[in-house]
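Written below as structure tokens is the structure these notes are about.
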Amino acid sequence: MSLSAVLLAAGSSPSPSPSPSGTTVPAVPTLQDAQESATNAASWVEENWSTWLAIGLRVLLILVIAVILRVAVRRAITKLIDRMSRTGQAVDGTALGGLLVNAERRRQRSQAIGSVLRSVASFLIMGTAALMVLATFQINLAPLLASAGVAGVAIGFGARNLVTDFLSGVFMILEDQYGVGDTIDAGVAAGEVIEVGLRVTKLRGDNGEIWYVRNGEVKRIGNLSQGWATAGVDVTVKASEDLDRVKATLDEVAEKMSKEEPWNELLWGPIEVLGLDSVLLDSMVVHLSAKTMPGKSLTVARELRWRVKRAFDAADIRIVGGATALPEEEAVLDPTAAVAAPSVYANTESPQSAVASPIAQPRPAAK
């Protein structure tokens, strides 16, 4: 090899100069290396940009459709609930409106139903959209779904009482079993409903106490405020009374009470004398019944008893209860008449006492 060739080779690839410390300095990338790297990156982007664009457009389309569908479903649910409320308001003031629930109860029931339906719709729509987005990025959803299923089962077993209370509350509201202002008997507690929740129902008892009843614990419900109530009154009179006179007096009391205020509004039907419930040796029971406004049966029954007692006193018809009391003319006036005469046997010197006394045995003579 000639000297010129060696010098040319040395000039084309210069060796790194030794540093003062004796270490080798790394080679600085040249312009050709940077150009080559940029070319490789541009070619990789050029090869994959269509895939990225397709994925991005797919994700954007899924999100847009999910948002639009969620807004449309929530708006439809809101309109449906509003229509239900307007339908209930249209019958107010009519005969049918008296059998329906009040405005506050309809409003609360509509809000509860609308809230539950909107929450369920949002969860289903957005949850499905999230799974579709993950599937777009080619993420295997099988382990995720399996883990979610196991976690759901574990949470369901751990919080089964909470789930039971929630589902029971949803069905109670949907079926309109009771509402605010109703008087109910829930078995575990009874009173007036002051708040209806998806998990707990609040009742105010007769003494003012507040009961918190879990919806899952309620096995049966007696609603005393829906439809109408019945006021029943039993009147016990002597067996010797004239039945026609008793019935005429009761009919007069019923007719007069049905025409007076406010009882004519509380009574939703005529007061009926149904006849004899029982006939005993010294008494008989006459039964009266009336259809009343819900929750007013006790008030009507008390007023009816009051009026019957006053009418019977005016008509000289005796009301009895339990053991029949002695008439006034048969009452014992002399307090000593019931005291028995002293016995002759109380006097030890009387002939009767001497005859009844035991015979004394003779004593043996002393030797």
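The values are calculated or read from the model by the stated rules, or taken from the named source; none is laboratory data. Remember, it's a predicted structure, so these values are computed and weren't measured experimentally. Cβ coordinates were reconstructed from backbone atoms using ideal geometry, including for glycine residues, and neighbour counts include every protein chain displayed. Accessible surface areas use protein heavy atoms only, side chains included; no ligands, DNA or RNA. Shrake-Rupley method; radii C 1.70, N 1.55, O 1.52, S 1.80 Å.
Test LEU304 against the criterion of being open to solvent by less than 90 Å² (accessible area, probe 1.4 Å) and in contact (Cβ under 8 Å) with a residue 12 or more places away in the chain, and give yes or no. Yes.
For the range 154-170, state whether one or more residues are in a helix (DSSP H, G or I), open to solvent by 40 Å² or more (accessible area, probe 1.4 Å) and closer than 28 Å to LYS79 by Cβ.
yes
Taking the range 243-286 as the range and being among the polar types (S, T, N, Q) and not in a strand (DSSP E or B) as the test, the residues that pass are THR249, SER258, ASN264. For ALA130, the criteria (1) open to solvent by less than 80 Å² (accessible area, probe 1.4 Å); (2) at pLDDT below 85; (3) more than 30 Å from ARG107 (Cα to Cα) hold in every case but one, which is (2). Condition check for VAL279 on (1) modelled with pLDDT under 65; (2) within 47 Å of the chain's Cα centre (by Cα); (3) hydrophobic (A, V, I, L, M, F, W, C): one failure, at (1). Mind checking whether some residue in the range 213-225 is outside any helix (DSSP H, G or I), surrounded by 13 or more Cβ atoms within 10 Å (Cβ to Cβ) and free of Cβ contacts under 8 Å to residues at least 12 places away in the same chain? Checking the range 213-225: not a single residue is outside any helix (DSSP H, G or I), surrounded by 13 or more Cβ atoms within 10 Å (Cβ to Cβ) and free of Cβ contacts under 8 Å to residues at least 12 places away in the same chain.
Among the residues of this structure, SER17 does not count as one that is farther than 30 Å from THR136 by Cα, open to solvent by less than 100 Å² (accessible area, probe 1.4 Å) and modelled with pLDDT of 60 or more. Across the range 226-241, the qualifying residues are those that are open to solvent by 50 Å² or more (accessible area, probe 1.4 Å) and not in a strand (DSSP E or B), and the one among them that is nearest to ASP316 (Cα to Cα) is SER240. Output yes when any residue across the range 214-223 is more than 30 Å from SER278 (Cα to Cα) and in contact with a Leu (Cβ under 7 Å, 6 or more places away or on another chain), and no when none is. There is no residue in the range 214-223 that is more than 30 Å from SER278 (Cα to Cα) and in contact with a Leu (Cβ under 7 Å, 6 or more places away or on another chain). Hey, does the range 267-289 have a residue that's in contact with a His (Cβ under 7 Å, 6 or more places away or on another chain) and either of a type in the set (D, E, K, R) or surrounded by 15 or more Cβ atoms within 10 Å (Cβ to Cβ) (or both)? Yes, the range 267-289 contains a residue that is in contact with a His (Cβ under 7 Å, 6 or more places away or on another chain) and either of a type in the set (D, E, K, R) or surrounded by 15 or more Cβ atoms within 10 Å (Cβ to Cβ) (or both). Scanning the range 171-205 for residues that are open to solvent by 40 Å² or more (accessible area, probe 1.4 Å) and in a helix (DSSP H, G or I) yields PHE171, LEU174. Within the range 109-126, residues that are more than 13 Å from ILE81 (Cβ to Cβ) sit with their Cβ atoms under 6 Å from residues that are surrounded by fewer than 17 Cβ atoms within 10 Å (Cβ to Cβ) and of a type outside the set (Ser, Thr, Tyr), at 6+ positions apart or across chains, in these pairs: ILE125/LEU69.
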